[in-house]
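Presented below is the structure to which this report refers.
Nothing in this text is a laboratory measurement; each read-out follows from the coordinates by a stated rule. Not measured: the values here are computed from a predicted model. Counting neighbours? That spans all protein chains shown, and the Cβs are built from the backbone with ideal geometry, glycine included.
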């Protein structure tokens, strides 16, 4: 479907209007309140799930409403959440052991970087490989220690136990996530353990606060409180 033949839809909720701008290239335009943003998705099944969620908004959608389109609707939902980067903006609940999903448009429109004409949230489109030189610089900058827990880290860990290994192995974390407007510049990286990184990603995915600069997960050397949970981590350092 091209630009000239796009079809507009209105939700029962007057705040939402959406249009499939380009079906082939998986572009959808969403107007929520007084803002309009175009999104381009990477995976076809993720695109179709997004359109279905918009059609159901503001209600939850029974995942089995997609049975006529997908052999595995749960996998299709996972494609939207993980492959297309919508994980922080999808809410789910279980009703009689059946998944129901809803898109959180308030969170989506408040947290994403709106500078581009067409926005792609897919992680693989935004991430970049950190050079060996930058890894060395970051490791030295943080003195080989997790910036959150203070644990001494290593690039390679021979520890067989996963729990211990995840607290000892180094990862290079985006202080401000890419999905919230962060970049791949050196100033936006910190050295933290794999375990701390996994927990930070979990909390960031449900966070609706716009200011990463005043959260302990992003800047633990300056701030003691984790913004979305209220936890104080000063005793870790």
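Counting only DSSP beta bridges whose two residues both lie in the chain, roughly 90 percent are antiparallel. Take every pair of alpha-carbon atoms less than 8 Å apart whose residues are at least six positions apart; their mean separation over the length of segment 3-124 yields a relative contact order of 23 percent. Potential lengthening of the chain between residue 184 and residue 99 amounts to 27.1 nm, from the contour at 0.36 nm per residue minus the alpha-carbon distance.
For the pair residue 211 and residue 69, what calculated FRET efficiency results from E = 1/(1 + (r/R0)^6), where r is the Cβ-Cβ distance and R0 = 45 Å, to the nearest 0.05?
FRET efficiency, residue 69 to residue 211: 0.70.
Placing pseudo-labels 7 Å out from each Cα toward the beta carbon at residue 140 and residue 82 gives an inter-label distance of 3.8 nm. Note on residue 219 and residue 36: with the Förster distance fixed at 45 Å, the Cβ-Cβ geometry gives a FRET efficiency of about 0.85. With q set to 0.09, 0.13, 0.14, 0.15 Å⁻¹, the log10 of I(q)/I(0) for segment 3-124, from the Debye formula over equal scatterers at the Cα positions, is -0.22, -0.47, -0.55, -0.64. For the chain, the relative contact order works out to 13 percent when only alpha carbon pairs closer than 8 Å and six or more residues apart are counted.
The distance separating the Cα centre of segment 12-69 from that of segment 216-237 comes to 36 Å.
State the Kirkwood hydrodynamic radius of segment 127-236 in Å, one decimal place, computed from all pairs of distinct Cα atoms.
About 14.2 Å, per the Kirkwood formula over Cα pairs.
Taking neighbour counts of Cβ atoms within 10 Å as a proxy for exposure, in what order, fewest first, do 174, 187, 167, 64 appear?
Details: 174 23, 187 8, 167 18, 64 13.
Neighbour counts put them in this order, fewest first: 187, 64, 167, 174.
P(r) for the chain, from all Cα pairs and a bin width of 5 Å, is 1, 6, 12, 15, 16, 14, 12, 10, 7, 4, 2, 0 %, short bins first.
Approximating the spin labels as points 7 Å out from Cα along Cα→Cβ, the residue 115-to-residue 131 distance works out to 2.1 nm.
Projecting label points 7 angstrom from Cα along Cα→Cβ for residue 229 and residue 24 puts them 4.8 nm apart.
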